[in-house]
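Note sheet for the following structure.
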Amino acid sequence: MGNNAPNILVAGGGTGGHLFPALAIADEIKKLQPKAEFLFLGTKGKIEARVVPQRGYAFRTIWISGFHRRLTIDNLLFPLKVLVSLVQSFFVIRQFRPDVVVGTGGYVCGPVLFVASILKIPTVIHESNSYPGVTTRMLAKRATKIFIASDDAKRWLKRTDHLTLTGTPTREILGAVSRSASREFFQIDPNKKTLLVFGGSLGAASINNAVLETLDDLLNAGIQLIWQTGQTDSARVRAAIGNKSIGWLGTFIDRMEYAFGAADLVVCRAGATTLAELTRVGKPAIVIPYPRAAGDHQTHNARSLAEAGAAVMIADHDARLKLKSIALGLLSDPERLENMGRTSARLGKPEAGRAIAETILEMIR
């Protein structure tokens, strides 16, 4: 590369599970090559449209969405969206002139990486899930390099000569914020045991229902919550809570480093990015896999963590019945929480982002 600053186009979003690995990769490249120029491509109204500019990266949108399994207006418009997004991707690439295009899954990657491959620009995919998404499976033959987080992903990808097992990249700031600073950030009691609850960037109604079921028992036991409800379920949860003082309640947590830093125990889904962040910070968890995830990969993710002793897994349909006894039992057993946290940290792969960044920069050289 010499003194030339590389241009790196990044496509990934729709959910935090696709976006945050992309940001982690960009951050690592930036540390290794401070002059690198980045442009993120995403969709309007999704998490990336808010978070990427907050993190200081340039951001543009293309018109694309996922394909739903039921008849919707979006499905009727899907062929037009694909065509428009391909044209938009072409003009963005011609204008930005990237040295490499990086995708981290989700529908936004499809048109961008496809056009880049047609134009003979090196393309990189990171796939967090053990069961690769549709976009990754479609692009696998065309990609220059694919990084995977699980060996299980290999069986679903027809080409294996360009696969590298790295784990899921996570941001360095995770685990670097103190407990006291984290609790001050949320303006919660510095001395109470704290339960962090979130259902991914979009929220999870079944987790919210389970927490509502056991809320009074948690509060009576002197436990406070940091609770991300998701936008869709926010009004219902707030109405159900009424004027109870629970700690912190919000639709979305922008600074997860503070949320993890404040928590004694985490209740969450079992998406690959969520579990990668959990193991980076070494937090004990109750994981409730999303039951309709493709290939049931969240159950697979959760089981591996539970069998290692880093988490307790509850099936989604059992959450309302079992969450209370398990959460209260764990929070009253500091020694078990500490052991689970140490086990979780041993499962983490904090070097994943740097390994991917080094390979991308080597490709550009």
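The numbers here are math on the coordinates, done by the rules we state, and not lab data. Quick caveat: nothing in here was measured; it's all calculated off a predicted structure. No Cβ is skipped: glycine too gets one built from the backbone with ideal geometry, and neighbour counts run over all protein chains shown.
Some notes on this structure:
- Hull volume per residue, based on the alpha-carbon atoms of region 160-308 and their convex hull, is 128 Å³.
- The eigenvalues of the Cα gyration tensor, multiplied by 5 and square-rooted, give the chain an equivalent ellipsoid with semi-axes of 36, 22, 19 Å from largest to smallest.
- Evaluated at q = 0.10 Å⁻¹, the base-10 log of the normalised Debye intensity for region 190-268, with identical point scatterers placed on the Cα atoms, takes the values -0.19.
- Column: log10 I(q)/I(0), Debye, Cα scatterers of region 119-172, q = 0.18, 0.21, 0.22 Å⁻¹: -0.52, -0.69, -0.75
- Rounded to the nearest 500, the helix-only mean residue ellipticity at 222 nm of the chain stands at -14000 deg cm²/dmol, with each DSSP H run of n ≥ 4 adding -39,500 (n - 2.57).
- Pairs of Lys in region 107-257 closer than 30 Å at Cα, counting only those 8 or more apart or on different chains: 10
- As an equivalent ellipsoid, region 49-181 spans semi-axes of 25, 21, 18 angstrom, where each value is the square root of five times an eigenvalue of the C-alpha gyration tensor, largest first.
- Of every Cα-Cα pair in region 25-69, the percent that sits beyond 14 Å: 55 percent
- Eligible aspartates and glutamates near LYS324 by straight Cα distance, threshold 16 Å, same-chain separation 8 or greater: GLU213, ASP216, ASP217, ASP264, ASP316, ASP333
- Computed about the Cα centre, the dipole magnitude for the chain is approximately 980 debye when only Lys and Arg (+1) and Asp and Glu (-1) carry charge, each at its Cβ.
- Evaluating kT/(6 pi eta Rh) at 4 °C and 1.567 mPa s, with the Kirkwood radius of region 157-232 over Cα pairs in the Stokes-Einstein relation, gives 83 µm² s⁻¹.
- Linear extension gain, LEU32 paired with PHE91, 0.36 nm per residue minus alpha-carbon span: 18.4 nm
- Treating r as the C-beta distance of ALA58 and ASN220 and R0 as 45 Å, the FRET efficiency rounds to 0.35.
- Cα long-axis angle, helix 319-331 against the chain (0 to 90 degrees, to the nearest 10): 70 degrees
- Applying the criteria of a DSSP loop state and at most 16 other Cβ atoms within 10 Å to the trypsin sites (Lys or Arg not before Pro) of region 194-303 yields LYS244, ARG255, ARG292.
- Taking the longest Cα principal axis of the chain as reference, the axis of helix 352-364 is set at about 10 degrees.
- Kirkwood Rh, angstrom, region 284-365 [1 / mean 1/r, Cα pairs]: 14.7 Å
- Protection proxy ranking of 356-365, 150-159, 95-104 - average other beta-carbon atoms within 10 Å, highest first: 95-104, 356-365, 150-159
- Relative contact order (%) - region 196-239, alpha-carbon pairs under 8 angstrom, separation at least six: 58 percent
- Taking the empirical scaling 2.2 N^0.38 Å for compact globular proteins as reference, region 223-364 has a Cα radius of gyration ratio of 1.14.
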